[in-house]
Amino acid sequence: MPTINAPGRWDVFISHSQRDANATTLAEGIFASLKERGLDVWLDVKMNKRDVAAMEEGAKNATMVIAIVTDGGIIRVDKDDVDTAFFRRDFCLKELRWAKSAGAAIQPVIRVEDKKRVGEFIASAPDDLKDVGEVDWVDLNRGAVQYWNVGMDILVQRLEEARKRVRQPAQEAAGKNGMRADALALLEEMHLDKYADALFKEGVVTATDLSLVDDEIMDDVGFSKLEKKKFLKHRPSSARPTSRAPESDISTVRRGQAAIDSFKARGNWRKLANVRDAATRLHILSVDATAGRAVTAREKAKEIESYRQQAMARESAKTSTGRKAAIESIKEAEGRNNVHAIIETMKLNAADADVQEQACRALWYLSNRYENVSRIGQAGGIEAVVSAMKRHQDHAGVQESACGAVCSLSVNNDENQSRIGQAGGIEALISTMKRHENHAGVQERACLVFYFISRNAECKRRAIDAGAIPAIEAAKRNHPNDDEVQTEAARALGRLGS
């Protein structure tokens with residue numbers, strides 16, 4: 001069945017009250033931010049078709065539906081009174097019901113100004129939708145970029161959780177090999193389902209992936225000439241490229257894997273940039289990480305790229321002399337998104353506070369990109385930042401930048417939260433709060449870290465035992481007129497005391 005709006009399946013569907021200005025503003029912002037993160041996002045005003053059928057298709061074929069819950073009251077439209085409240089808009093309710101019927105995850109979001117109205121919103125929901133109250137709602141703050149990015153990171157994390165939770169039943173229902181039902185149905189229609197297992201091994205998971213199957217793959221799988229002709233003729237227009245397609249991404253990954261193996265065998269890491277790009281182009285990887293060959297290629301690409309970056313950092317360190325050269329090296333690495341080079345430079349210049357401040361600030365900036373949060377943690381970035389905090393306890397710049405980095409790295413990432421605790425980051429945060437009690441930036445970010453890591457039971461216990469609660473209470477007393485410190489301190493105390 002042809003799709004109404006391409007690509008037909010979506011990472012996120014945004015549901016909101018079109019009559020509420022606050023809701024439409026949030027919807028536009030969420031759409032832009034998630035698109036920047038490489039996600040497929042459905043928003044009515046961005047679609048070619050936006051009728052009822054298009055909305056139903058979008059809601060039913062999304063992994064997660066973001067429900068922007070607002071209530072702007074009654075407004076006057078063409079002499080009629082119109083209720084703008086999300087749970088009193090017919091189409092908003094239909095979108096949630098479509099999503100539930102398809103097994104999509106529903107994630108409510110609100111404006112930070114409406115945090116105290118969550119109970120009121122849940123009470124206004126119809127009985128069959130009141131289970132939205134069982135989900136942790138995400139409040140979004142448009143007043144500060146750093147807080148907005150935190151909200152977006154949380155949404156991306158919820159999407160990752162939804163992928164694991166929602167798609168598994170669909171895969172099980174599709175068949176033993178893990179191919180999605182839509183792809184299997186198309187193959188059955190063409191009487192080519194005998195090739196399902198072989199195509200799945202080549203990375204075909206969804207119906208859309210059938211458009212990536214090229215001659216090379218058909219030959220490897222064993223298509224006859226007549227079967228090739230039938231396949232190319234009968235796959236639906238929604239899966240067929242509208243113009244001459246670029247080289248198949250699946251084939252690119254296969255060649256990339258072979259090239260990686262060859263380069264690794266020769267130890268030639270300098271020529272891997274193009275191979276890495278080729279091996280990470282496969283769209284399936286961002287949709288269903290079940291394509292074994294593609295995942296293998298991606299992991300190998302990561303492994304070799306990590307080695308290449310570390311080797312480059314060591315070479316750079318050998319030729320760089322002095323503080324200025326180290327700081328310039330960090331700035332250059334930040335521009336290339338090279339977290340390994342930054343961490344290597346930190347280790348080589350551990351005694352220089354200015355270098356450590358610059359490096360912590362660079363990691364803080366880069367960790368605002370969701371994909372870097374785990375990368376930095378796995379590369380030893382948390383340990384390097386905590387080490388800088390311990391070694392340069394009296395340097396306010398190091399402490400502020402380090403607190404910012406630890407804060408961004410702790411957002412909804414259990415592994416990083418555990419790393420912070422194991423590296424002594426909790427004790428280091430409390431120490432810096434005491435030493436820099438008059439520094440509002442340090443206090444605010446430290447409180448925010450405690451808010452995030454206290455979701456981890458072990459970190460919460462460790463924070464309480466180390467004296468986090470008295471330190472946060474002191475921050476509230478010392479900064480009575482700083483709204484950000486007051487807000488984050490209250491949030492942290494609420495979670496630590498729960």
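Going by what's in this entry, would residue 402 be described as in a helix (DSSP H, G or I), of a type in the set (A, V, I, L, M, F, W, C) and either without any contact (Cβ under 8 Å) to a residue 24 or more places away in the chain or more than 22 Å from residue 356 (Cα to Cα) (or both)? No. Just the residues that are in contact with a Ser or Thr (Cβ under 8 Å, 6 or more places away or on another chain) and at pLDDT below 85, please, taken from the range 329-338. Residues satisfying the conditions are 329, 333.
Where helices (runs of 4 or more DSSP H) fall entirely within the range 129-246, those with at least 2 residues that are of a type in the set (Lys, Arg) and either at pLDDT below 70 or closer than 30 Å to residue 451 by Cβ (or both) are at 145-174. Taken over the range 358-380, the criterion of being of a type in the set (Val, Ile, Thr) and either farther than 18 Å from residue 145 by Cβ or open to solvent by 70 Å² or more (accessible area, probe 1.4 Å) (or both) is satisfied by 376 alone. Do you know which of the residues in the range 1-39 that are surrounded by fewer than 20 Cβ atoms within 10 Å (Cβ to Cβ) and acidic (Asp, Glu) is nearest to residue 207 (Cα to Cα)? Restricting to residues being surrounded by fewer than 20 Cβ atoms within 10 Å (Cβ to Cβ) and acidic (Asp, Glu), the top hit is 36. One residue is enough: does the range 412-426 have a residue meeting the conditions at pLDDT below 90 and in contact with a His (Cβ under 6 Å, 6 or more places away or on another chain)? Looking through the range 412-426, none of the residues is at pLDDT below 90 and in contact with a His (Cβ under 6 Å, 6 or more places away or on another chain). Total residues in the range 75-102 satisfying the condition of being surrounded by 14 or more Cβ atoms within 10 Å (Cβ to Cβ) and farther than 17 Å from residue 16 by Cβ: the figure is 2.
What do you reckon, is residue 118 over 17 Å from the mean Cα position of the chain (by Cα) and touching a residue at least 12 places away in the same chain (Cβ under 8 Å)? It is true that residue 118 is over 17 Å from the mean Cα position of the chain (by Cα) and touching a residue at least 12 places away in the same chain (Cβ under 8 Å). If the Cβ limit is 6 Å and pairs must be 6+ apart or interchain, which residue in the range 184-199 that is over 16 Å from residue 233 (Cα atoms) and in contact (Cβ under 8 Å) with a residue 60 or more places away in the chain pairs with which residue that is among the polar types (S, T, N, Q) and assigned to a helix (DSSP H, G or I)? Pairs found: none.
Of the numbered criteria (1) more than 19 Å from residue 357 (Cα to Cα); (2) crowded, with 21+ Cβ neighbours inside 10 Å, the one residue 414 fails is (2).
Does the range 470-484 include one or more residues that are crowded, with 24+ Cβ neighbours inside 10 Å and under 23 Å from the mean Cα position of the chain (by Cα)? No. Might you check whether a residue that is assigned to a helix (DSSP H, G or I) and at pLDDT below 90 occurs anywhere in the range 430-438? Scanning the range 430-438, I find no residue that is assigned to a helix (DSSP H, G or I) and at pLDDT below 90, so the answer is no.
Tallying residues that are modelled with pLDDT under 90, small (Gly, Ala, Ser) and in a helix (DSSP H, G or I) within the range 339-382 yields 3.
The values are calculated or read from the model by the stated rules, or taken from the named source; none is laboratory data. In this text, all values refer to a predicted model and were calculated from it rather than measured experimentally. Cβ: placed from backbone, ideal geometry, glycine included. Neighbour counts: every protein chain shown. These area figures cover heavy atoms from the full protein model, side chains too; ligands, DNA and RNA do not enter into them. Shrake-Rupley method; radii C 1.70, N 1.55, O 1.52, S 1.80 Å.
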